[in-house]
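The block underneath contains the structure these notes are about, expressed in structure tokens.
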Amino acid sequence: MSWRADVITLFPELFPGPLGASVIGRGMAEGAWSLQTTQLREFATDKHRTVDDTPSGGGAGMVLKPDILAKAIDAVADERPRILMSPRGKPLTQQRVRELAAGPGAIIVCGRFEGVDQRVIEARALEEISIGDYVLAGGEVAAMVLIEAVVRLLPGVLGAAASHADESFEDGLLEYPQYTRPQVFEDREIPAVLTSGDHGKIEKWRRAESLALTKARRPDLIE
Ligand code: SAH
């Protein structure tokens, strides 16, 4: 069984969007992973197909109703992790991405408006995941970020498996700078060590660049 994402959303027409392009889209076409969307509104029970209501206690905006969302989740739930995209969630890390890639897939709920009734988060044990400290208008783009990060790790999606090992975060550091031809671009040369053919020296140079870059930009990753 290949990796399977179920996305619960008020905007299924946004999918697959960028997930249909390039290596991620090819991976889907070749069966390495699959995507199914659920229109939350289909689980509404009144004639207006209401999915949200005003916040208890007052305040601006609307909140997604717990009963409707729970029914949508129950319609697709199985042993896969149930995730709610949320700015209050745990920040997404490459570590969590790797864990998800090792599993059967994910059920992903996209919030809208002011968010989701707290009780459905608890009752369906939703794992809240954030893609960063800023606020989006909805969870769809965040869900795409999560899915794309996972799918590129799946076997057969990215060609050479070796290309994962060196990347930013995979060894706890940011990646060293990359270069390609031409040899000279606007008076800037490729660092000589990279064209020396000395693989030991290249390895050492890359490691040093990685460390320097991480110290300068993300000291929190070194600590
Ligand atoms: N009132 C909420 C924000 C709601 S934004 C608050 O202050 O916490 C509407 C929806 O967009 C959220 O329910 C969530 O699904 C999604 N969203 C917004 N920012 C996000 C982020 N940084 N990471 C993941 N999802 C996000």
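The values are calculated or read from the model by the stated rules, or taken from the named source; none is laboratory data. Because the structure is predicted, anything quoted here is derived from the model rather than measured. Ideal geometry is used to build each Cβ from the backbone, glycine not excepted, and the neighbour counts take in all protein chains shown.
Some notes on this structure:
- Residue 188, sole failed condition from (1) over 23 Å from residue 31 (Cβ atoms); (2) surrounded by 11 or more Cβ atoms within 10 Å (Cβ to Cβ); (3) outside the structural domain of residue 25 (by TED's automatic domain parsing): (2)
- Cβ-Cβ contacts under 7 Å between residues 6 or more apart (or on different chains), taken from a first residue in the range 156-184 that is in a helix (DSSP H, G or I) to a second residue that is modelled with pLDDT under 95 and acidic (Asp, Glu), are listed as 164/170.
- The residues on offer are 2, 56, and the sole one that is of a type outside the set (Asp, Glu) and within 29 Å of residue 150 (Cβ to Cβ) is 2.
- Restricting attention to the range 129-153, the residues that are surrounded by fewer than 17 Cβ atoms within 10 Å (Cβ to Cβ) and in a strand (DSSP E or B) add up to 1.
- Residue-level check: of (1) surrounded by 12 or more Cβ atoms within 10 Å (Cβ to Cβ); (2) assigned to a helix (DSSP H, G or I); (3) modelled with pLDDT under 95, residue 202 misses just (3).
- The listed residues are 34, 130, and the only one of them that is away from the ligand (no atom under 16 Å from the Cβ), polar (S, T, N, Q), closer than 22 Å to residue 17 by Cα and touching a residue at least 24 places away in the same chain (Cβ under 8 Å) turns out to be 34.
- Total residues in the range 97-120, condition more than 7 Å from the ligand (Cβ to nearest atom) and closer than 20 Å to residue 50 by Cβ: 5
- Residue within the range 41-62 that is buried (at least 20 other Cβ atoms within 10 Å of the Cβ), part of a loop (DSSP other than H, G, I, E, B), modelled with pLDDT of 95 or more and within 15 Å of the ligand (Cβ to nearest atom) present: yes
- Within the range 77-124, the set of residues being in a helix (DSSP H, G or I) and more than 20 Å from the chain's Cα centre (by Cα) comprises 118, 119, 120, 122, 123.
- Looking only at the range 70-91, and only at residues there that are closer than 18 Å to residue 9 by Cβ and within 11 Å of the ligand (Cβ to nearest atom), the one that is surrounded by the most Cβ atoms within 10 Å (Cβ to Cβ): 85
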